[in-house]
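Structure, as structure tokens:
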Amino acid sequence: MRARKLSVEGAVEFTPEVFPDERGLFASPYQEPAFVEAVGRPLFPVAQTSHSRSRRGVVRGVHYTATPPGNAKYVYCPQGRALDLIVDLRTGSPTFGAWDAVELTPGSYRSVYLPIGVGHAFVILEDDTIMSYLLSMFYDPAVELAISPLDPALGLPIPAGLDPLLSPRDREAPTLAAAMEAGTLPEYDVCQRMEAARA
């Protein structure tokens, strides 16, 4: 399995080897030895698995969880095609405000790890796209927060010619600057301590 560190500190893309034969193929999108080598600790204890199904043009995010309690994610696309967006929302982080993008497809078997405090969004590029997640925390709407994916200061790469379809929550989400002013963004040092506690 190949691991590639992303532009957001602590986030990693994983691409497994694929083994085709006359029956089809076999791939392992999560492999603990490769994860430990790249991240420095095993994957979090999984508290919840989730999946979403979306049509082309849907934009979900930028979502994050108040920290504490914080929420780390391991994301995979078993059907369709999506542009996964990883955004550093941790104040004090060396890459605060930076983002990276990874195209996820079933053919690549690629996955993305997002540490605690990192925002997540994706743009659906094909109808009937499914996104699957492993989460370190169960979903609690009381601590779920969002930043606008259309914030011009972030400049996320939403493809031209795509008419973004957002939920009311995401349409009304604050900009990064507004969230910072409101004091709702995670602190990098707190996120790091929480990550280290899992080691």
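The values are calculated or read from the model by the stated rules, or taken from the named source; none is laboratory data. Keep in mind that what you see is a predicted model, and the values were worked out from it rather than measured. Please note: Cβ atoms are built from the backbone with ideal geometry, for glycine as well, and neighbour counts cover all protein chains shown.
Miscellaneous remarks
- Close pairs from the range 15-31: first touching a residue at least 60 places away in the same chain (Cβ under 8 Å) and within 17 Å of residue 113 (Cα to Cα), partner basic (Lys, Arg) and outside any strand (DSSP E or B), Cβ under 9 Å, at least 6 apart: 15/110; 16/110; 29/110
- Exclusive hit being more than 14 Å from residue 11 (Cβ to Cβ), assigned to a helix (DSSP H, G or I) and within 17 Å of the chain's Cα centre (by Cα), set 189, 170: 170
- For residue 119, the criteria (1) farther than 18 Å from residue 62 by Cβ; (2) modelled with pLDDT of 95 or more hold in every case but one, which is (1).
- The one condition from (1) touching a Ser or Thr at 6+ places or on another chain (Cβ under 9 Å); (2) closer than 21 Å to residue 105 by Cβ; (3) surrounded by 20 or more Cβ atoms within 10 Å (Cβ to Cβ) that residue 35 does not meet is (1).
- Strands (runs of 3 or more DSSP E) within the range 100-151 that include 1 or more residues surrounded by fewer than 21 Cβ atoms within 10 Å (Cβ to Cβ): 129-135, 144-146
- Once the range 67-77 is narrowed to residues that are under 11 Å from residue 119 (Cα atoms) and touching a strand residue (DSSP E or B) at 6+ places or on another chain (Cβ under 6 Å), the residue that is surrounded by the fewest Cβ atoms within 10 Å (Cβ to Cβ) is 73.
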